[in-house]
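Remarks on the structure that follows.
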Amino acid sequence: MEICRYQPQYRQQIIDLILHIQNDEAKIDLSLEEQPDLLDIPRSYEQKGGLFWVAVENGEVIGTLAFMNYGGGNAVMKKFFVRADRRGQRVGLALYETALDCLREQGYRQVVLDTPSVATDSHRFYERAGFVRITGEQLPFPYEYPDRDSYLYLLRL
């Protein structure tokens, strides 16, 4: 397995993986049109100071994790997905550790994320990783998140 920054040849695999997990597995019913960041990852993430990583094995995308830059040392974690048959095999942990190391190196101080309330395995991962569940009123910076029965989490670096 290799963790690398976004590369255009993985674009469609990234979209397919994320839509499959969101809609077929989690039954969240999110369309690609509701996630325009996936249509232009370099513009949505990298050109704005964010980051987008991909876990690849034998040319296949098996995981993703991204951060959007919100300025002032603030980031929002997005698109953290691991293919079902690779969960629990350190793919998610490798993505997460790579991303957090980079965020710390770049001087980020806190990370917010929103996650569907039905994603209980994800909640356990985030809480073990040091994230604390917060309310919308406790957000430390302005962040509009999809109001789809989401939980919010905060990690101070």
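Might you let me know whether the range 133-152 holds any residue that is in contact (Cβ under 8 Å) with a residue 60 or more places away in the chain and open to solvent by less than 30 Å² (accessible area, probe 1.4 Å)?
Yes: the range 133-152 contains one or more residues that are in contact (Cβ under 8 Å) with a residue 60 or more places away in the chain and open to solvent by less than 30 Å² (accessible area, probe 1.4 Å).
Tell me, which strands (runs of 3 or more DSSP E) wholly within the range 102-157 include 1 or more residues that are at pLDDT below 95?
On the way: elements: 110-116, 132-134, 150-156.
The qualifying strands (runs of 3 or more DSSP E) are 110-116, 150-156.
I'm checking my understanding of the structure. Among residues of the range 72-100 that are of a type in the set (Gly, Ala, Ser), modelled with pLDDT of 95 or more and at positive phi, which one is most open to solvent (accessible area, probe 1.4 Å)?
For the range 72-100, the residue satisfying everything is 72.
Which pairs have Cβ atoms under 9 Å, sit 6 or more apart or on different chains, and link a residue in the range 1-19 that is among the hydrophobic types (A, V, I, L, M, F, W, C) and open to solvent by less than 30 Å² (accessible area, probe 1.4 Å) to one that is at pLDDT below 95 and not in a helix (DSSP H, G or I)?
If the second residue must be at pLDDT below 95 and not in a helix (DSSP H, G or I), the pairs left are 15/35; 18/30; 18/35.
All but one of (1) over 19 Å from residue 15 (Cα atoms); (2) within 15 Å of the chain's Cα centre (by Cα); (3) of a type in the set (A, V, I, L, M, F, W, C) hold for residue 141; state the number of the condition that does not hold.
With respect to (1) over 19 Å from residue 15 (Cα atoms); (2) within 15 Å of the chain's Cα centre (by Cα); (3) of a type in the set (A, V, I, L, M, F, W, C), residue 141 is out only on (2).
Does residue 104 satisfy the criteria of being open to solvent by 30 Å² or more (accessible area, probe 1.4 Å), on the phi > 0 side of the Ramachandran plot and of a type in the set (Lys, Arg)? Break it down stepwise before answering.
Working: open to solvent by 30 Å² or more (accessible area, probe 1.4 Å): yes; on the phi > 0 side of the Ramachandran plot: no; of a type in the set (Lys, Arg): yes.
In short, no.
The values are calculated or read from the model by the stated rules, or taken from the named source; none is laboratory data. What you see is a predicted model, and the numbers here were worked out from it, not measured in a lab. Neighbour counts run over all protein chains shown; Cβ positions are idealised from the backbone, glycine included. When the accessible area is computed, the model is the full protein with side chains, heavy atoms only, and any ligands, DNA or RNA have been set aside. Shrake-Rupley method; radii C 1.70, N 1.55, O 1.52, S 1.80 Å.
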